[in-house]
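**Q** I am attaching a structure below and will ask some questions about it afterwards.
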Amino acid sequence: MSQSFNPARYAVLIVEDDALLRSEAVDLCEEAGFTAFEARNADQAIAMLERHPQIRVLFTDVEMPGTMDGLKLAHAVRERWPPVTIMVTSGRTKVALEDMPENGLFFAKPYPPNGIVAALNEIAGRIYD
Amino acid sequence: MIERNWLQRRSDRIEALRRSGLLEGSSENAFGSFTDHVREVLDVPVAIVTLVDENRQVFAGHSGLPSPWDERGETPMTHSFCQYVVDRGAPLSVPDARQDDVLKTNHAIGDIGVIAYLGVPLTLPDGAVIGALAAISDSRRIWTDADERRLLVIARTVEREMAVRISESRWRSIFEQLAEGFILARVLRDESGRVVDWMYEEVNSAWHQLVGVEPGMVVGRTVREVFPGIEDEWVMEFADVVETGEPIRFTRQVGSLGRWYDGAAQPIGGDRFTVIFLEVTGRIEQERRQTALLTLGDDLRDLTSVNEIVEAASRAIAKGVVADRIGFGTVDDRNETIDISSDWCARGMVSVTGRHSFRSFGSFVDDLKQGRTVAIDDVNTDPRTATTAEAFTEIQTRSLLNLPIVEAQRLVLIVYAHGMQPHAWTEEELRFVQQVGDSTQAAIGRLRAEDGRRLLNQELAHRLKNSLAMVQAIATQTLRQAQSMEEGRDAISARLGALARAQDILTGTDFVEADIIEVVGAALAPHLTPSRRIDFGGPHGSLTAQQALGISLAIHELATNATKYGALSNETGRVCVTWGEEAERFVFRWIEADGPPVHPPERRGFGSKLIERIVASYFEGEGRIDFDPAGIRFQLTGAFGHKMPDKPA
């Protein structure tokens, strides 16, 4: 890829049912230079992914209303959209390693904003390469 | 005076006679050898040993008595000469009764042919005169002193024999009245001299009761014949008693009888030994049940699943109750079925693993559903199962015990014990099963409480994390827009204060819901003034935790703005807060009036984002701020309370 990196061409999909937390995550992603899409649950998330191929990062909470929780969603995304980088966050004490999709990143809630921004920057770097 | 003494003596001797036990054996002519001897020595045709009872005299021995007296073995007092010997306590010599003033009317003369009579008293060791030894002739005879002396000598021998018999019969009666079973036995040896069996020589009546074998069926037979397949220990240990000459104590079961015995075996010389024992089945079973309960208690302490607990309960039942099949199954109480994955079966008993419908086995499931233990002695006669007895025949069941395990008023599990034979369940067995049931129920209760506590802990940790995430989001977003550190700090602490007030209300309801009146009241409280410039009202209604936090934050933002720029910033402005249902939607309104003229802000900050977007999303609806020059108006429209799908905040 010879063109220069413009992260805004790539998007992060934030899946979080709490609007306050979602809005905070959107700010963080935008801070890192990404475009942010929002979804309140897994169904909305899948629809977003289908509609917006520029989504390269999934940032999802585990606990969500609806038929699919964040981990199931992460596995489904890993299956259907292998290039999408997966970031999982949860308020639960621990998410077992074997429950995480391959190469998934885990952030315990409340997550450090700088950590998220740093991780997004690194992902952006990889996409550029 | 004399009369009374005589009567007293008479009743004393009759009592002594009856107590002696000599009357019981009298029909056997036990003293016949002595009367034979009297006939020889005195050369008389008839001799008798009489026992003088109240209204009769009994022949304890007789020789030469004419029929039918020899067979009757007794006469009425009208035929008794001996009564006079007994009354006098001295010999009576009668040469010719027909010429005796007292005796000439006695019926013995005509009926038995008593003419000459020589009688001497028979005295027991305690001095009671109980009868006479008499020589009788059918013709006149003058008795000599030598005749009387000889008769007295024989009488002494009769008395000694009587004393021996009395003592023996006393021992025998003790032996027979003993509550303990008693055995006199002799070991039997093979050619090499090894003891292989033993034979019953004598048993007492208690033995029959304790062992349950008919009298007359045992003496002369060996223990291996009487109890085929009896445990070898019952032979070998008693063989040791004979071989070593050492007594032993034992507590052991006769398996074929299902009964336990506790006793002692004692060598008595040669190949003989005695055994004295009691049945202790009840005690042994009680001990076994106690041990089973203790073990169950230990087991239950460490178990962490309902299945393990019920399995332990089944093990306890198997130890404490005699049954041919024991197991447990999971109940579907709506369909009235039970699923059994495995069970323990005695030899010859079929397994009942699989799914079964309760109703095909009668109506006792109704009792189980009430949490009542079901004990059926015989399925053929119990009204709950009599009509379905065939179903039980198929699974070889005649008696049954079902212990229900109930959770939250629902029958969830059953522990069962089945018997191939009818079995009268004892009170002890039922009490035991009830205790097992109570312990099991308590253990499951403890497990559920632990589960609940664990869940609550996880839930609390989760909510705490969520709250912290909210705090963090509020803090970062507030700071992002703050003009100065001081402004940011104040805004953060004010917003967290609003959050905390809503949390206070939620704490009282386990963080599940809150009444909107309380939430609005608490959120407005810091802004209320004595001049009552804020009016609020609306119906009671349930808010989710998230909605409560959201409304509290929204009111905080609106009130703060009103205090700075709006209706609460001058002396005349008013605020009206209302909420309620309109067209099946939840509507919340904040309306300001009489404040300074309103100018739309140049920059929309986190506050308005919070109000319009974030809080509105908690209601699955929308929020809109209208910067009307006459006063700010805010309207939130959305779904009420728990109607919206949500997770606990």
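**Q** For the range B:198-226, how many residues are buried (at least 18 other Cβ atoms within 10 Å of the Cβ) and farther than 23 Å from B:GLU24 by Cβ?
**A** Residues meeting the conditions: 8.
**Q** So, one more: I'd like to know if the range A:56-63 contains one or more residues that are within 14 Å of chain B (Cβ to nearest Cβ), part of a loop (DSSP other than H, G, I, E, B), within 14 Å of the chain's Cα centre (by Cα) and of a type in the set (A, V, I, L, M).
**A** yes
**Q** Scan the range B:290-299 and tell me whether some residue there is in the same structural domain as B:LEU401 (by TED's automatic domain parsing), more than 19 Å from the chain's Cα centre (by Cα) and surrounded by 16 or more Cβ atoms within 10 Å (Cβ to Cβ).
**A** Yes: the range B:290-299 contains one or more residues that are in the same structural domain as B:LEU401 (by TED's automatic domain parsing), more than 19 Å from the chain's Cα centre (by Cα) and surrounded by 16 or more Cβ atoms within 10 Å (Cβ to Cβ).
**Q** Can you tell me which residues in the range B:527-554 are among the aliphatic types (A, V, I, L, M), assigned to a strand (DSSP E or B) and closer than 13 Å to B:ASP515 by Cβ?
**A** B:LEU543
**Q** When you check A:ALA119 against the structure, is it away from every other protein chain (no Cβ under 14 Å), closer than 11 Å to A:VAL15 by Cβ and modelled with pLDDT of 85 or more, yes or no?
**A** Considered against the rule, which asks whether it is away from every other protein chain (no Cβ under 14 Å), closer than 11 Å to A:VAL15 by Cβ and modelled with pLDDT of 85 or more, A:ALA119 comes out as no.
**Q** Say whether the condition of being touching a helix residue (DSSP H, G or I) at 6+ places or on another chain (Cβ under 9 Å) and under 30 Å from B:LEU456 (Cα atoms) is met by at least one residue in the range A:29-40.
**A** Yes, there is a match, as at least one residue in the range A:29-40 is touching a helix residue (DSSP H, G or I) at 6+ places or on another chain (Cβ under 9 Å) and under 30 Å from B:LEU456 (Cα atoms).
**Q** Just name the residue that is farthest from the other protein chains (Cβ to nearest Cβ) out of those in the range A:42-55 that are in a loop (DSSP other than H, G, I, E, B) and touching a residue at least 40 places away in the same chain (Cβ under 8 Å).
**A** A:GLN54
**Q** Is it the case that the range B:445-458 has a residue that's under 22 Å from B:ASP299 (Cβ atoms) and within 14 Å of chain A (Cβ to nearest Cβ)?
**A** Yes - at least one qualifying residue is present in the range B:445-458.
**Q** Select from the range B:517-544 the residues that are under 15 Å from B:GLU592 (Cα atoms) and surrounded by 15 or more Cβ atoms within 10 Å (Cβ to Cβ) and list them in ascending order.
**A** B:LEU524, B:HIS527, B:ARG533, B:ILE534, B:PHE536 - these are the residues of the range B:517-544 that are under 15 Å from B:GLU592 (Cα atoms) and surrounded by 15 or more Cβ atoms within 10 Å (Cβ to Cβ).
Residues checked against (1) part of a helix (DSSP H, G or I); (2) surrounded by 17 or more Cβ atoms within 10 Å (Cβ to Cβ); (3) among the acidic types (Asp, Glu):
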site: A:LEU21; (1), (2), (3): yes, yes, no
site: A:GLU30; (1), (2), (3): yes, no, yes
site: A:LEU71; (1), (2), (3): yes, yes, no
site: A:VAL77; (1), (2), (3): yes, yes, no
site: A:MET87; (1), (2), (3): no, yes, no
site: A:VAL117; (1), (2), (3): yes, no, no
site: A:GLU122; (1), (2), (3): yes, no, yes
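**Q** Moving to a separate point now. Of all residues in the range B:468-524, how many are within 14 Å of chain A (Cβ to nearest Cβ), more than 18 Å from B:LYS609 (Cα to Cα) and in contact (Cβ under 8 Å) with a residue 60 or more places away in the chain?
**A** Residues in the range B:468-524 being within 14 Å of chain A (Cβ to nearest Cβ), more than 18 Å from B:LYS609 (Cα to Cα) and in contact (Cβ under 8 Å) with a residue 60 or more places away in the chain: 1 in total.
**Q** Restricting to the range A:64-87, and then to whatever is in contact with an Asp or Glu (Cβ under 8 Å, 6 or more places away or on another chain) and not polar (S, T, N, Q), can you tell me which residue is farthest from the other protein chains (Cβ to nearest Cβ)?
**A** Looking at residues that are in contact with an Asp or Glu (Cβ under 8 Å, 6 or more places away or on another chain) and not polar (S, T, N, Q), I get A:ARG78.
**Q** I'd like the full set of residues that are more than 9 Å from chain B (Cβ to nearest Cβ) and either at pLDDT 85 or above or assigned to a loop (DSSP other than H, G, I, E, B) (or both), limited to the range A:98-111.
**A** Answer for the range A:98-111, where residues must be more than 9 Å from chain B (Cβ to nearest Cβ) and either at pLDDT 85 or above or assigned to a loop (DSSP other than H, G, I, E, B) (or both): A:MET100, A:PRO101, A:GLU102, A:ASN103, A:GLY104, A:LEU105, A:PHE106, A:PHE107.
**Q** With the structure loaded, tell me whether B:GLY362 is on the phi > 0 side of the Ramachandran plot and out of contact with any helix residue (DSSP H, G or I) (no Cβ under 6 Å at 6 or more places or on another chain) or whether it fails that test.
**A** no
**Q** B:LEU464 - would you say it is under 55 Å from the mean Cα position of the chain (by Cα), among the aliphatic types (A, V, I, L, M) and within 14 Å of another protein chain (Cβ to nearest Cβ)?
**A** For B:LEU464, the condition - under 55 Å from the mean Cα position of the chain (by Cα), among the aliphatic types (A, V, I, L, M) and within 14 Å of another protein chain (Cβ to nearest Cβ) - is met.
**Q** Next up: Please give the strands (runs of 3 or more DSSP E) falling wholly within the range B:341-413 in which 2 or more residues are buried (at least 16 other Cβ atoms within 10 Å of the Cβ), in contact with a Gly (Cβ under 9 Å, 6 or more places away or on another chain) and modelled with pLDDT of 90 or more.
**A** B:399-407
**Q** Then there's this: For the range B:580-623, name all the residues that are away from chain A (no Cβ under 11 Å), in a loop (DSSP other than H, G, I, E, B) and surrounded by 14 or more Cβ atoms within 10 Å (Cβ to Cβ).
**A** B:ASP594, B:GLY595, B:PRO596, B:VAL598, B:GLY605, B:GLY621
**Q** Still on this model: Would you mind telling me which numbered condition in (1) closer than 29 Å to B:LEU400 by Cα; (2) part of a loop (DSSP other than H, G, I, E, B); (3) of a type outside the set (Asp, Glu) B:GLY270 fails?
**A** (1)
**Q** Tell me, please, whether a residue that is touching a residue at least 24 places away in the same chain (Cβ under 8 Å), polar (S, T, N, Q) and outside the structural domain of B:PRO91 (by TED's automatic domain parsing) can be found in the range B:189-208.
**A** Checked the range B:189-208: at least one residue is touching a residue at least 24 places away in the same chain (Cβ under 8 Å), polar (S, T, N, Q) and outside the structural domain of B:PRO91 (by TED's automatic domain parsing).
**Q** Condition test on B:GLN481, is it touching a helix residue (DSSP H, G or I) at 6+ places or on another chain (Cβ under 8 Å), at pLDDT below 90, crowded, with 18+ Cβ neighbours inside 10 Å and polar (S, T, N, Q)?
**A** In short, no.
**Q** Related question: Pairs, please: C-beta under 7 Å, at least 6 apart or cross-chain, first residue away from every other protein chain (no Cβ under 11 Å) and in the range A:13-38, second of a type in the set (Asp, Glu)?
**A** A:ILE14/A:GLU38; A:VAL15/A:ASP61; A:ALA36/A:GLU30
**Q** Contact list please: Cβ distance under 9 Å, first residue in the range B:148-164 and more than 11 Å from B:ALA132 (Cα to Cα), second residue of a type in the set (Asp, Glu), pairs at least six apart or on different chains.
**A** Here the result reads none, with nothing in the range B:148-164 linked to a residue that is of a type in the set (Asp, Glu).
**Q** Can you report the number of residues in the range B:57-88 which are over 23 Å from B:GLY127 (Cβ atoms) and in contact with a Pro (Cβ under 7 Å, 6 or more places away or on another chain)?
**A** 1
The values are calculated or read from the model by the stated rules, or taken from the named source; none is laboratory data. Source: prediction; values computed, not measured. FYI the Cβ positions are ideal-geometry reconstructions off the backbone, even for glycines, and counts take in every protein chain you see.
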